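Enquirer: Got a structure for you, written out below as structure tokens; questions coming shortly.
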């Protein structure tokens, strides 16, 4: 159990009977993570990569999503058993809570301390208000973008203050945002994109060429296996390694967001999370407490039966809601972009989504400009909102678990700690957004996100195969999926680091 306090013991809470009627009551963390995940990767990075380099590379997004689904499920496995978020489990590993708390607080701030998507939201609003895309170097444009960005950052703080618990508010908001996003995307994809193009896009994501060729459809670069049934993906040599790494990470959630799913699972009260508590909101909450240490349950027949029901709900939440939702979010955005934007056209990532909205308005109906920009705003704002909560709650939980002096302070509760950090990071964010443009900030976020999954995958594997009772440990194939996740993102991150080093060496070498 590491150097944290020993777990308590209690019976596993009984879930509602597994049924379609009870699904919406029992799931929810996947909706929050989906709203957070469908963001810059879908609106900015995925469409830009597909338009410039072809559909043959979109297998990277599919692989990334599959690996992250497996990662999330294994992280949640620990939380269902103990009620603790997975980072508490990681802090139980050697060399101890102090080391890992510093390590992950640093990574969390490095990945999410830059409110990149608040600035991209501001650019979408700027286009809606002024009819043009903001230009870099124009003082009036930059001043207006900053003003709108500050309003978005301030509005995020207000939203996070309501709802009883922070998780509950995020869940309500997330269901509303993803409903609009998917209704809009499904509508325009059905009515504006030819079926043959949709098949072409699907082949790029799933990498199968043979069946579609037989049906008369064109597929991206149909290089088939010896048996003729599978098409292998491409790895464009002229593609920016940073863009590629960003696609691999942001196709799902990426990094700290994947770890934070367990915090929402706990606050939702799933599994033993119902015995631990939650982070209360500043306004509208009842008396809610949060224990810094979890509880486990004896593996009796009754508790194991309850566990299987909880696990069914988790699978729906993560595989069918979050995983399929991430795939459709990327697929529908890329399918629309590649149908509307001429292949090979060089557009700034920020201009990619705006170009589509303008094109739909010009070719089909003027109202699609507003609906398209609104879709872009919700995509980007939902991710910004989720990222802010992930940043604050991750640091809050780490400090609450690892620092006894904070817990024992009579003047400081977990809610006060959360909102104190929220205001501190908000002030920091208002400073950071002045330092770089939105796309640079977002690429930096994505680069760190993939790297986080490397050590975390191995740590979750260690936790679930040593700290959990044998009856609850993952099967062999699930263990291999965690290893595959670490290797995949390790390979991408190594390529990114090597590419960066080479560019630095070339820059410093005299001509």
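Enquirer: Check 96, 56, 64 and return the single one that is within 21 Å of residue 318 (Cβ to Cβ) and in contact (Cβ under 8 Å) with a residue 60 or more places away in the chain.
Expert: Exactly one of 96, 56, 64 is within 21 Å of residue 318 (Cβ to Cβ) and in contact (Cβ under 8 Å) with a residue 60 or more places away in the chain, namely 64.
Enquirer: Next up: Of the residues 335, 387, which is surrounded by 17 or more Cβ atoms within 10 Å (Cβ to Cβ), under 26 Å from residue 449 (Cα atoms), modelled with pLDDT of 85 or more and over 17 Å from the mean Cα position of the chain (by Cα)?
Expert: 335
Enquirer: Of all residues in the range 193-204, which are touching a helix residue (DSSP H, G or I) at 6+ places or on another chain (Cβ under 7 Å) and either in a helix (DSSP H, G or I) or modelled with pLDDT under 90 (or both)?
Expert: Scanning the range 193-204 gives 197, 198, 199, 200, 201, 203, 204.
Enquirer: Name the one entry in 87, 107, 158 that is part of a helix (DSSP H, G or I) and modelled with pLDDT under 90.
Expert: 158
Enquirer: Which of the residues that make up the range 280-301 are modelled with pLDDT of 85 or more and surrounded by 13 or more Cβ atoms within 10 Å (Cβ to Cβ)?
Expert: The answer is 293, 294, 295, 296, 297, 299.
Enquirer: Which of the residues belonging to the range 123-152 are in contact (Cβ under 8 Å) with a residue 40 or more places away in the chain, more than 14 Å from residue 429 (Cα to Cα) and part of a helix (DSSP H, G or I)?
Expert: Those that are in contact (Cβ under 8 Å) with a residue 40 or more places away in the chain, more than 14 Å from residue 429 (Cα to Cα) and part of a helix (DSSP H, G or I): 123, 124, 125, 127, 128.
Enquirer: Would you please name the residue that is surrounded by the fewest Cβ atoms within 10 Å (Cβ to Cβ), looking only at residues in the range 411-427 that are over 18 Å from residue 398 (Cα atoms) and modelled with pLDDT of 90 or more? Let's see the steps before the verdict.
Expert: The first filter runs over the range 411-427 and keeps only residues over 18 Å from residue 398 (Cα atoms), leaving 411, 426-427.
Right, trim to modelled with pLDDT of 90 or more and you get 426-427.
On the way: 426: 18, 427: 9.
The extreme case among them is 427.
Enquirer: How many of the residues making up the range 41-59 are farther than 13 Å from residue 331 by Cβ and in contact with a helix residue (DSSP H, G or I) (Cβ under 7 Å, 6 or more places away or on another chain)?
Expert: Our first condition is that a residue be farther than 13 Å from residue 331 by Cβ; within the range 41-59, this holds for 43-45, 48-49, 51-54, 56-57.
Subset that is in contact with a helix residue (DSSP H, G or I) (Cβ under 7 Å, 6 or more places away or on another chain): 43-45, 48-49, 51, 56-57.
Qualifying residue count, the range 41-59: 8.
Enquirer: Residue check: is residue 358 over 26 Å from residue 110 (Cα atoms), assigned to a helix (DSSP H, G or I) and modelled with pLDDT under 85?
Expert: When the stated conditions are applied, residue 358 passes them.
Here's the yes/no breakdown for (1) in a helix (DSSP H, G or I); (2) free of Cβ contacts under 8 Å to residues at least 60 places away in the same chain; (3) closer than 22 Å to residue 278 by Cα:
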position: 377; (1), (2), (3): yes, no, no
position: 391; (1), (2), (3): yes, no, yes
position: 394; (1), (2), (3): yes, no, yes
position: 398; (1), (2), (3): yes, no, yes
position: 410; (1), (2), (3): no, yes, yes
position: 415; (1), (2), (3): yes, no, yes
position: 431; (1), (2), (3): yes, yes, no
position: 434; (1), (2), (3): no, no, no
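Enquirer: Can you pull out the residues in the range 141-156 that are within 30 Å of residue 270 (Cβ to Cβ) and crowded, with 16+ Cβ neighbours inside 10 Å?
Expert: Listed by number, the list holds a single entry, 156.
Enquirer: A further question on this structure: Does residue 499 count as surrounded by fewer than 21 Cβ atoms within 10 Å (Cβ to Cβ), within 30 Å of residue 147 (Cα to Cα) and at pLDDT below 90?
Expert: Taking the combined requirement at face value, the residue does not satisfy it.
Enquirer: Taking the condition part of a loop (DSSP other than H, G, I, E, B), out of contact with any helix residue (DSSP H, G or I) (no Cβ under 8 Å at 6 or more places or on another chain) and at pLDDT below 85, does residue 222 pass?
Expert: no
Enquirer: So which of 32, 76, 60 ends up being modelled with pLDDT of 90 or more and surrounded by 18 or more Cβ atoms within 10 Å (Cβ to Cβ)?
Expert: After applying the criteria, what remains is 76.
Enquirer: Restricting attention to the range 12-26, does a residue exist that is touching a helix residue (DSSP H, G or I) at 6+ places or on another chain (Cβ under 8 Å), assigned to a helix (DSSP H, G or I) and under 19 Å from residue 331 (Cβ atoms)?
Expert: Within the range 12-26 (the criterion being touching a helix residue (DSSP H, G or I) at 6+ places or on another chain (Cβ under 8 Å), assigned to a helix (DSSP H, G or I) and under 19 Å from residue 331 (Cβ atoms)), the answer is no, since none of the residues qualifies.
Enquirer: Turning to a different aspect of this structure: Scan the range 54-91 for residues that are closer than 21 Å to residue 492 by Cβ and under 19 Å from the mean Cα position of the chain (by Cα) and report the count.
Expert: Of the residues in that region, 17 qualify.
Enquirer: Let me ask another. Is there a residue in the range 225-238 that is modelled with pLDDT under 80, in a helix (DSSP H, G or I) and either surrounded by fewer than 24 Cβ atoms within 10 Å (Cβ to Cβ) or in contact with a helix residue (DSSP H, G or I) (Cβ under 6 Å, 6 or more places away or on another chain) (or both)?
Expert: There is no residue in the range 225-238 that is modelled with pLDDT under 80, in a helix (DSSP H, G or I) and either surrounded by fewer than 24 Cβ atoms within 10 Å (Cβ to Cβ) or in contact with a helix residue (DSSP H, G or I) (Cβ under 6 Å, 6 or more places away or on another chain) (or both).
Enquirer: On the given criteria, is residue 164 modelled with pLDDT of 85 or more, farther than 20 Å from residue 58 by Cβ and surrounded by fewer than 22 Cβ atoms within 10 Å (Cβ to Cβ)?
Expert: no
Enquirer: May I pose another question? Quick check: is even one residue across the range 326-337 touching a residue at least 40 places away in the same chain (Cβ under 8 Å) and closer than 30 Å to residue 101 by Cα?
Expert: For the range 326-337, residues touching a residue at least 40 places away in the same chain (Cβ under 8 Å) and closer than 30 Å to residue 101 by Cα: present.
The values are calculated or read from the model by the stated rules, or taken from the named source; none is laboratory data. Quantities reported herein were computed from a predicted structural model and do not represent experimental measurements. Methodologically, a virtual Cβ is constructed for each residue, glycine included, from the backbone with ideal geometry; neighbour enumeration extends over all protein chains shown.
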